[in-house]
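Working notes for the structure below.
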Amino acid sequence: MYFKAEHLQKTGAFKIRGATNKVKQAVKEGATFITAASSGNHGQAVAYIANRLGVPATIVVPIDAKISKQEAIEAYGGQIEKCGTTSAERLPRAMELAKEHHGEFIPPYDDPLIMAGQGTIGLEILDQLEDVDAVIVPIGGGGLISGILTAIKETKPTVKVIGVEPDTANDTLLSLQHNKIMSIPASTTIADGLRTTQPGNMTFPVVQKYLDDLVLVSDEEIRMAQKFVLERMKQLIEPSSAVTVAAAMENKLGINNKNVICVLSGGNVDVGELSLI
Ligand SMILES: *Cc1c(COP(=O)(O)O)cnc(C)c1O
């Protein structure tokens, strides 16, 4: 097995790829202010790249956002605004802020430039491992997998791409089974980057067109995989990232003796949560 080590990426997750692509374009088109609505990896990535490009960014986070996450956003040069506890409250506030300041709102996944940025992972994989047979990818809103699917299936369609969701955040699996976007109640899975309640309007058609298979893993399996990677590989990955390793360890991929790449999507872990594994 091989691992695409996005947990070692700048800001600790792959999100910097899409954020860079989108924020650069916004700035090129004249935006002088950037907003996003995420206390997690997307918020950190947007804060970091806006700061690098010399544009102020305000990240709207829930009132109960972890202090460590707020501090990370601020350390990357972002301003914090607190609003509500749900994304239904944060999203409109971030969009309103963008409008007020003639800036641009940067969505987390449902955007062609975000999807294309995440897709550079797929291009790199094809470059880096000539005889790759399968790529295993976590699915939240679907920006990561739709970018990777486009890059791989439109270049080398024989490579299998398999998605992984937590069993309690199976919105994409349900949507595939019903052939339309389906919504689920908010999940409390430990894979907090995968708690989306439905796939994106732009990401889902790509998943529908190209995805080979989708498997589910439990929180228990995710923890075991995260612990294994820490103990045996000496790498710290976050639960949203460990789902791909969990799917392999639990023999859910239906693949043997092949070159498999697990995308390790991120490594941002609150040290307080480490004791849980
Ligand atoms: C955002 C995120 C995901 C899911 O990406 P989507 O584009 O929403 O599918 C997976 N892992 C990590 C670490 C993330 O931050």
Check: Among D213, D171, D133, which is surrounded by 21 or more Cβ atoms within 10 Å (Cβ to Cβ) and charged (D, E, K, R)?
Finding: D171
Check: For the range 52-65, does any single residue satisfy the condition of being outside the structural domain of A134 (by TED's automatic domain parsing), under 17 Å from L113 (Cα atoms), at pLDDT 95 or above and within 15 Å of the ligand (Cβ to nearest atom)?
Finding: no
Notebook entry, point to check: Restricting attention to the range 18-37, does a residue exist that is open to solvent by 20 Å² or more (accessible area, probe 1.4 Å), within 16 Å of the ligand (Cβ to nearest atom), part of a strand (DSSP E or B) and out of contact with any Cys (no Cβ under 9 Å at 6 or more places or on another chain)?
Noted result: no
Note to self: Restricting to the range 38-61, count the residues that are without any contact (Cβ under 8 Å) to a residue 60 or more places away in the chain and either surrounded by 18 or more Cβ atoms within 10 Å (Cβ to Cβ) or touching a Leu at 6+ places or on another chain (Cβ under 6 Å) (or both).
What the structure shows: 13
Check: Any idea which of K258, K252 is of a type in the set (D, E, K, R), open to solvent by 10 Å² or more (accessible area, probe 1.4 Å), over 21 Å from E124 (Cα atoms) and in a loop (DSSP other than H, G, I, E, B)?
Finding: K252
Check: List pairs: first in the range 182-195 and on the phi < 0 side of the Ramachandran plot and within 10 Å of the ligand (Cβ to nearest atom), second hydroxyl-bearing (S, T, Y) and open to solvent by less than 20 Å² (accessible area, probe 1.4 Å), Cβ under 7 Å, 6+ apart or cross-chain?
Finding: A191/S240; D192/S240; G193/S240; L194/S240; R195/S187; R195/T189
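The values are calculated or read from the model by the stated rules, or taken from the named source; none is laboratory data. Because the structure is a prediction, the values reported are computed rather than measured. Note that we place each Cβ from the backbone using ideal geometry, even for glycine, and neighbour counts take in every protein chain shown. Areas reflect the complete protein model, heavy atoms only, side chains present, ligands, DNA and RNA absent. Shrake-Rupley method; radii C 1.70, N 1.55, O 1.52, S 1.80 Å.
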